[in-house]
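**Q** Below you'll find the structure I mean.
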Amino acid sequence: MIAPPDLPGAARGAVPAGEDVARARGALARERARRTAGAFGRVRWLWLLAGPGILVFLGENDAPSMLSYAATGARYGVGFFLPFVAATFVVGFVVQEMAARVGAAAGQGHAALIYARFGRFWGNFAMADLLIGNLLTLVTEFIGIRAGLGYFGIPPMLAVGGGAAVVLLVASTARYSLWERITLGLALANAVFVPVALLARPHWGAVAHAFVVWGPLPGGLRPDSILLMVADVGATVTPWMLFFQQGAVVDKGLGPRDIGGARLDTALGAALAGLFGIAGVLATTPLFHAGISAANFQAAQFAEALAPAIGPVGAALFAFGIFAAGLVAAITIATSSAYAYGEVARRPHSLNTSVREAVPFYAVLLGSTLLAGAVVLIPGAPLETIVLIVNVIATLAMPPALLFLLLLANDAEVMGPWRNSPAWNLAGITITVALMLCGLAYGVSVVAPGLFG
């Protein structure tokens with residue numbers, strides 16, 4: 001492989017010694033597991049390699065995403081949208097596989113490569129796109145934390161402050177591997193939507209029929225259905241995911257030999273998140289069958305409305321799931337901002353470094369977390385409006401981010417033999433065009449709603 005160029009003036013070796021030592025130890029452990037014969041060796045190798053792909057997808061199953069799935073189930077049931085949601089995770093896998101492969105092949109984060117290969121103007125454009133989107137999304141995560149814990153009677157100040165404290169506490173470990181395992185443990189709380197879905201007692205015949213015969217969109221294309229479609233797409237593919245997974249792959253020390261494992265990690269993350277996302281749709285189908293309007297529900301309102309149908313335990317699990325989804329996403333999104341800033345500022349940007357060694361990295365992580373939490377506590381802040389638009393913004397911001405990713409994945413100097421195949425390029429281009437059409441349809445539905453249904 002031809003090594004990618006550095007950022008102008010950057011010194012590739014100018015990183016704290018502990019950062020390289022931690023990555024070397026991880027690489028050695030993975031290599032030993034790879035050479036261990038039998039099932040135990042394969043399981044240990046996957047355990048040591050897994051992380052970035054699972055985290056990026058479970059992190060994207062965040063509070064606004066799960067609320068988007070809940071709104072989908074409450075308004076439309078299982079018909080058209082259940083396979084539609086499943087399809088978005090296939091799209092997400094295609095996109096994130098490229099991000100992981102670029103990170104492992106190039107050994108640099110997404111922001112650093114954009115600046116190096118496309119120049120400062122486009123680098124600044126990508127960074128502005130990321131940081132604005134990340135801040136808005138972080139606000140919605142704290143809305144989810146506040147609303148989820150609010151169901152249990154926890155005051156907003158305590159809920160938001162406690163959530164921010166957990167984000168910062170997890171980041172202070174100064175060991176990527178420990179941070180990753182703690183965050184993975186928290187992320188698996190997303191699985192609580194599965195028992196909630198079972199308590200909702202969906203009609204499994206209708207579920208199977210929805211996947212076998214992908215039915216038409218109920219009522220045809222209307223502004224509200226287009227909004228939900230765009231929001232569900234934005235619940236699965238967003239710009240921060242590219243920056244986070246590529247940065248995490250580099251921070252973990254994955255290289256070209258680990259590309260196959262990184263692809264498996266990404267597929268596992270997409271499968272788990274897809275299962276939990278579908279469970280989020282199924283969980284609220286009792287509201288659809290009861291004819292209850294859930295147009296402006298937040299976490300607490302969904303839980304309260306579901307309680308008569310699924311019981312107090314199911315309602316409590318739903319509220320807890322929204323809280324946990326917001327917490328994990330806050331951890332991963334704040335980290336993606338810190339990774340990107342550290343890369344372009346050419347300063348240490350690793351969770352293997354201490355606060356003293358990487359002050360700017362941790363300052364961005366701390367500052368974005370506290371700012372987002374503070375916005376949620378502003379009296380009269382339009383929290384419902386922010387939740388509604390954040391996934392839409394993510395969908396509209398994704399096409400330019402995908403174009404950068406496709407160009408990097410095809411860059412022979414950066415990728416060498418691991419660049420995109422023609423089939424992967426076709427998939428990537430198709431996804432980019434489809435996202436652009438989603439954005440166009442949403443724009444037309446806003447400007448001229450009379451053209452739809």
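No value in this document is a laboratory result; all are computed from the given coordinates. This one's a predicted model, so the numbers in the text were calculated from it and none came from an experiment. All Cβ positions, glycine included, derive from the backbone under ideal geometry; neighbour counts span all protein chains shown.
**Q** Taking the beta-carbon count within 10 Å as an exposure proxy, list Leu370, Leu435, Leu131, Leu327 from fewest neighbours to most. Don't jump to the answer; show the numbers that get you there.
**A** Details: Leu370 16, Leu435 23, Leu131 19, Leu327 27.
Going from sparsest to densest Cβ surroundings: Leu370, Leu131, Leu435, Leu327.
**Q** If you don't mind, another one. Expressed as an acute angle from 0 to 90° and rounded to the nearest 10, what is the orientation of the C-alpha long axis of helix 156-171 relative to the principal long axis of the chain?
**A** 30
**Q** Place a +1 charge on the Cβ of each Lys and Arg in the range 70-218 and a -1 charge on the Cβ of each Asp and Glu, then give the dipole magnitude about the Cα centre in debye, rounded to the nearest 20.
**A** Working: 8 positive and 4 negative charges, 11 e Å.
Magnitude of the dipole: close to 60 debye.
**Q** If you add up the charges near Ser177, with Lys and Arg at +1 and Asp and Glu at -1, over every other residue whose beta carbon is less than 11 angstrom from its beta carbon, what do you get?
**A** Numbers: positive: Arg23, Arg25, Arg175, Arg181, Lys252; negative: Glu180, Asp251.
Result for the neighbourhood of Ser177: +3.
**Q** So how strong a dipole does the range 17-451 carry about its Cα centre when Lys and Arg Cβ are +1 and Asp and Glu Cβ are -1, to the nearest 20 debye? Spell out each step's value before the answer.
**A** Details: 24 positive and 20 negative charges, 205 e Å.
Roughly 980 debye for the range 17-451.
**Q** A follow-up question, please. For the chain, build the charge dipole from Cβ charges (+1 Lys, Arg; -1 Asp, Glu) around the Cα centre, then report which of Leu188, Val313, Ala33 sits farthest towards its positive end.
**A** It is Ala33, whose Cα lies furthest towards the positive end.
**Q** Given only helices, namely DSSP H runs of n ≥ 4 each adding -39500 (n - 2.57), what is the per-residue ellipticity at 222 nm of the chain, to the nearest 500 deg cm²/dmol? Write out the running numbers ahead of the final one.
**A** Numbers: 20 runs with 343 residues, N = 453.
My calculation for the chain gives -25500 deg cm²/dmol from helical runs alone.
**Q** Another question, then. Towards the positive end of the charge dipole of the chain, with charges on Cβ (+1 Lys, Arg; -1 Asp, Glu), say which of Pro64, Thr236, Pro223 has the farthest Cα.
**A** Thr236
**Q** May I ask for the distance between the Cα centers of the range 126-178 and the range 212-267, given as a whole number of Å?
**A** 21
**Q** Just to compare against my own numbers: the Cα pair-distance distribution for the chain, 20 Å bins, whole % per bin, please.
**A** 27, 58, 15, 0
**Q** Let me ask something else about it. Once each part is reduced to its C-alpha centroid, what is the distance from the range 22-85 to the range 414-436 in angstrom?
**A** 22
**Q** With a 10 Å Cβ neighbour count serving as the proxy for reagent exposure, in which order, fewest first, do Arg263, Arg30, Arg35, Arg181 appear?
**A** Numbers: Arg263 17, Arg30 23, Arg35 9, Arg181 14.
Placing the least packed residue first, the sequence is Arg35, Arg181, Arg263, Arg30.
**Q** As a footprinting exposure proxy, order Phe193, Phe89, Phe320 by other Cβ within 10 Å, with the fewest listed first. List each step's numbers first, then the result.
**A** Numbers: Phe193 28, Phe89 24, Phe320 19.
In order of increasing Cβ crowding within 10 Å: Phe320, Phe89, Phe193.
**Q** With θ taken as phi - 60° and the coefficients 6.51, -1.76 and 1.60, list the Karplus ³J(HN,Hα) couplings across the range 310-325 in order, rounded to whole Hz; mark glycine and proline as x.
**A** 10, x, x, 5, x, 5, 5, 5, 4, 5, 5, x, 5, 4, 5, 4
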